[in-house]
Amino acid sequence: MQTNPEKDTDLRLKVNSETARLPWRELEKHYAQGNVVWVANELDLVEVAVRISHDDKASIAQWMGDGKVAKVSDQQALEWHTGDASLWAVVVSPFILVQQDKPTKH
């Protein structure tokens, strides 16, 4: 089935409304199960969630190949735990996508 994630406004709105900031400590049990996926700051978290929902293999493979989407590493998890981080998160079952705050420009 061919889908068109660019035009899926309803899903985009739904995903956007389900995006929230969560403390890393609340996500650690999901990380331990291997279900937490990091999204680089230069990507739009909602866009990535929509693409994954539509099983857009080409975009996902490109992002993974570029190192912009990956399972959370042990190093990231340790840094977030130590720093008591809070991350943007959204569920795209069975995964939880997370993204750090985008750096602010001074």
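For VAL50, the criteria (1) farther than 14 Å from GLN99 by Cα; (2) modelled with pLDDT of 95 or more; (3) surrounded by 17 or more Cβ atoms within 10 Å (Cβ to Cβ); (4) not charged (D, E, K, R) hold in every case but one, which is (2). Taking the criterion of being farther than 19 Å from THR19 by Cβ and either in contact with a Leu (Cβ under 9 Å, 6 or more places away or on another chain) or among the hydroxyl-bearing types (Ser, Thr, Tyr) (or both), the only residue of segment 46-76 that qualifies is SER73.
Listed here are the residues, each with its yes/no results for (1) touching a strand residue (DSSP E or B) at 6+ places or on another chain (Cβ under 9 Å); (2) in a helix (DSSP H, G or I).
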| residue | (1), (2) |
| --- | --- |
| ASP10 | no, yes |
| VAL15 | yes, yes |
| ARG21 | yes, no |
| LEU27 | yes, yes |
| TYR31 | yes, yes |
| GLY34 | yes, no |
| TRP38 | yes, no |
| GLU42 | no, no |
| VAL48 | yes, yes |
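Set side by side, the residues ALA70, ALA89, ALA32 differ, and just one is of a type in the set (A, V, I, L, M), open to solvent by 60 Å² or more (accessible area, probe 1.4 Å) and at pLDDT 95 or above, which is ALA32.
The values are calculated or read from the model by the stated rules, or taken from the named source; none is laboratory data. Nothing here was measured: the structure is a model prediction, and the numbers come from that model. When we count neighbours, we look across all protein chains shown, and the Cβ atoms used for this are built from the backbone with ideal geometry, even at glycine. Just so you know, the surface numbers come from the protein's heavy atoms only, side chains and all, with ligands and any DNA or RNA stripped out. Shrake-Rupley method; radii C 1.70, N 1.55, O 1.52, S 1.80 Å.
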